[in-house]
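Quick notes on the structure that follows.
The values are calculated or read from the model by the stated rules, or taken from the named source; none is laboratory data. These numbers come from a predicted model, not from an experiment. Note: ideal-geometry Cβ built from the backbone for every residue, glycine included; neighbour counts use all protein chains shown. Surface areas here come from the heavy atoms of the whole protein model, side chains and all, with no ligands, DNA or RNA. Shrake-Rupley method; radii C 1.70, N 1.55, O 1.52, S 1.80 Å.
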Amino acid sequence: MPIRILACEVVSKIAAGEVVDRPASVVKELVENSLDAGATQVSVETQDGGVRLIRVTDNGDGIPDTDVERAFHRYATSKIETETDLENISTLGFRGEALPSIAAAADVEILTKSNTDTAGSYLQLKSNNIVKRDKRTRPQGTTVIVHHLFRNVPARLKFLKSPTTESGHIANLLSQYALSFPEVRFNLVVDGRLTLQTSGNSSLKDVVAEVYGLEIAKQMLEIVETEQVPGVSGMVSPPSLARSSRSYLSFFVNHRWVNSSLLARATEDAYHGLLMTGKHPIAILNVSLPPQELDINVHPTKRDVKFRNSQIVYAAVQKSIQKVLVKAPPPEVKTGAPSLTPPPSLWTVKGADTVSLPILRVVGQLASNYIMAEGPEGLYLIDQHAAHERVLFEKILAQRAQRKIEVQGLLEPLSLELTPRQEEVLKNKAELLSEFGFSLELFGDRSYLLRAVPAMMREGNLAEAVSALLDSIANEGEPSKRDERIAESVACHSAVKAGHSLNPEEMRQLIKQLEQTKQPRTCPHGRPTMIHLSSRQLEKEFGRI
Ligand code: ADP
Ligand code: MG
């Protein structure tokens, strides 16, 4: 084929795909426009995962009648003018791409009124062409309605997940903006049901309570911004309130919700030694920096950010968190005693390749954490939690395969508050979860009653266990692995904890059960359940050979 310059429509479709790749990104762009317009109230409504309908209404500045058409032109923006403005961006948008991109991928209606106009301007667009224009009354602000997203982009439509998954992304997105803008009143109605509502009273704690529940909000530690640059503010969890997933980490830079491995690292590093492996903190952090100190023009979605001086940002975040953690109550369960870490030359960690276990004789328990056992091949140190996890993981998968999950009904149903995202997961996977023995019932306004759980689950923190389970299946992975993920999560929350002392009989039972598993040497997450010091190594160490 000869080289051709692509037609305008083709170019705009390609570019549109970069900005809007799923319903949640349309919601993101529209909500950002509302916030840039100084709105104090933003309402979002979606139907069918946003594919059928997205409606965003705000009470912001509105667009003057003379400018409405122009807003739909590519690279039309009121937010910057010159190249130097690019170094000084204080708004969420600036590229002038969102409205034209959305109008290229869907049918759009807009009704907007600025304070300079007496009536609102209404515009209807199909394939980015205006098909209707008139005047309508409305108070100051803007409403954008997006119909049949991607109907004319079948390739994109094909890649969307189920409506509940897409709604989950939207709910998560709106939760993030609510956390970033506590002074704005947000509400989200998904398929006719109010899923999120914040008061806009400027209290981050209140938003945290709305998004993550009152229990979490009560325990969070506040980071108050100081005069320093960069400024760090927000809330973090005490070490006793860890989660099993990173999805509770929210980072904002100048109130823009960003993906940042640097900020994630700085946060997790601040908890170094305070959390068990696999546990992560909850954090809502805003870093404020002069706009010249960062570059958000890395990608059209503006989710990635580059800091001019990342070292300083890292240090500021880590220090601010450490400062509040020092005052936090100590964690309930300590991480395994570090003094037991073996020198690598002496101990060997056997992988999953050597499957079966020899007969072991229990010698005792170390640090309320490890079972010490003797076998024909020497000494074994067994991580009691990891070992029990392996046992329970295989047990529940076996029960599930035979459709014979043992269930325990709770005498007192337990009430849980779910995050909007968890609620979407629950709706999507209700059947699967009930097949595993969970019974949850809607109680009203994102609160649920937990009535039954798999029989193996321990009393005590069942609410946290269910919440972690919903998080772990939130991201639609390979369907074949879903059962395993649930089993992993159940096993993890049912297994005996590190720090729990076991009597000799309990230890013997555990070892016996471990011997019968298919992969006794690794826990379901792939970490070793035991380390082994062979008789030969012992003899060598003592200079006998
Ligand atoms: P950008 O946000 O990058 O400027 P958009 O395509 O999102 O580009 O919007 C184009 C312009 O339309 C904005 O610069 C703004 O002037 C106007 N606009 C869009 N949405 C709103 C809104 N909700 N309220 C007021 N003005 C808006
Ligand atoms: Mg915009």
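Structure data summary
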| quantity | calculated |
| --- | --- |
| Residues satisfying the stated conditions in segment 423-458, i.e. part of a helix (DSSP H, G or I) and over 22 Å from the mean Cα position of the chain (by Cα) | 431, 434, 435 |
| Selection from segment 210-237 of residues that are free of Cβ contacts under 8 Å to residues at least 60 places away in the same chain, open to solvent by 20 Å² or more (accessible area, probe 1.4 Å) and touching a helix residue (DSSP H, G or I) at 6+ places or on another chain (Cβ under 6 Å) | 219 |
| Tally of residues being free of Cβ contacts under 8 Å to residues at least 24 places away in the same chain and either assigned to a helix (DSSP H, G or I) or under 33 Å from the mean Cα position of the chain (by Cα) (or both) across segment 527-545 | 2 |
| Test: residue 78 is within 16 Å of ligand 2 (Cβ to nearest atom), among the hydroxyl-bearing types (Ser, Thr, Tyr), open to solvent by 70 Å² or more (accessible area, probe 1.4 Å) and touching a helix residue (DSSP H, G or I) at 6+ places or on another chain (Cβ under 9 Å) | yes |
| Residues that are part of a loop (DSSP other than H, G, I, E, B) and near ligand 1 (Cβ under 10 Å from one of its atoms), drawn from segment 95-119 | 95, 96, 97, 114 |
| Qualifying residues in segment 243-257 (those that are in a loop (DSSP other than H, G, I, E, B) and at pLDDT 90 or above) - the one surrounded by the most Cβ atoms within 10 Å (Cβ to Cβ) | 254 |
| Hits in segment 414-439 (condition: open to solvent by 50 Å² or more (accessible area, probe 1.4 Å), modelled with pLDDT of 90 or more and within 23 Å of residue 214 (Cα to Cα)) | 414, 415, 417 |
| Test: residue 57 is away from ligand 2 (no atom under 15 Å from the Cβ), open to solvent by less than 60 Å² (accessible area, probe 1.4 Å) and under 34 Å from the mean Cα position of the chain (by Cα) | yes |
| Matching residues, segment 259-281, being surrounded by fewer than 21 Cβ atoms within 10 Å (Cβ to Cβ) and either in a strand (DSSP E or B) or aliphatic (A, V, I, L, M) (or both) | 259, 262, 264, 270, 274, 275, 276, 280 |
| Counted residues, segment 161-190 - those being open to solvent by 30 Å² or more (accessible area, probe 1.4 Å), of a type in the set (D, E, K, R) and within 21 Å of residue 20 (Cβ to Cβ) | 1 |
| Candidates 112, 137 - the one that is within 16 Å of ligand 2 (Cβ to nearest atom) and in contact with a Gly (Cβ under 7 Å, 6 or more places away or on another chain) | 112 |
| Hits in segment 145-164 - residues which are within 27 Å of the chain's Cα centre (by Cα) and on the phi > 0 side of the Ramachandran plot | 150 |
| So residue 321, is it open to solvent by less than 10 Å² (accessible area, probe 1.4 Å) and part of a strand (DSSP E or B) | no |
| Of residues in segment 468-482 being touching an Asp or Glu at 6+ places or on another chain (Cβ under 9 Å) and open to solvent by 10 Å² or more (accessible area, probe 1.4 Å), the one farthest from residue 391 (Cα to Cα) | 474 |
| Residue ID - farthest from residue 164 (Cα to Cα), chosen from residues in segment 443-455 that are open to solvent by 80 Å² or more (accessible area, probe 1.4 Å) and modelled with pLDDT under 90 | 443 |
| Identity of the residue in segment 6-23, modelled with pLDDT of 80 or more and buried (at least 23 other Cβ atoms within 10 Å of the Cβ), that ends up farthest from ligand 2 (Cβ to nearest atom) | 23 |
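Residues are listed down the side, and each one gets a yes or a no for (1) of a type in the set (Lys, Arg); (2) over 19 Å from residue 359 (Cα atoms); (3) surrounded by fewer than 16 Cβ atoms within 10 Å (Cβ to Cβ); (4) in contact with a helix residue (DSSP H, G or I) (Cβ under 9 Å, 6 or more places away or on another chain):
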position	(1), (2), (3), (4)
509	no, no, yes, no
512	yes, no, yes, no
518	yes, no, yes, yes
522	no, no, no, yes
525	no, yes, yes, yes
532	no, no, no, no
536	yes, no, yes, no
541	no, yes, yes, no
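Let's see how each residue does on (1) more than 11 Å from ligand 1 (Cβ to nearest atom); (2) more than 31 Å from the chain's Cα centre (by Cα); (3) within 21 Å of residue 131 (Cα to Cα); (4) not in a helix (DSSP H, G or I):
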| residue | (1), (2), (3), (4) |
| --- | --- |
| 71 | no, yes, yes, no |
| 85 | yes, yes, no, no |
| 90 | yes, no, no, yes |
| 93 | no, no, no, yes |
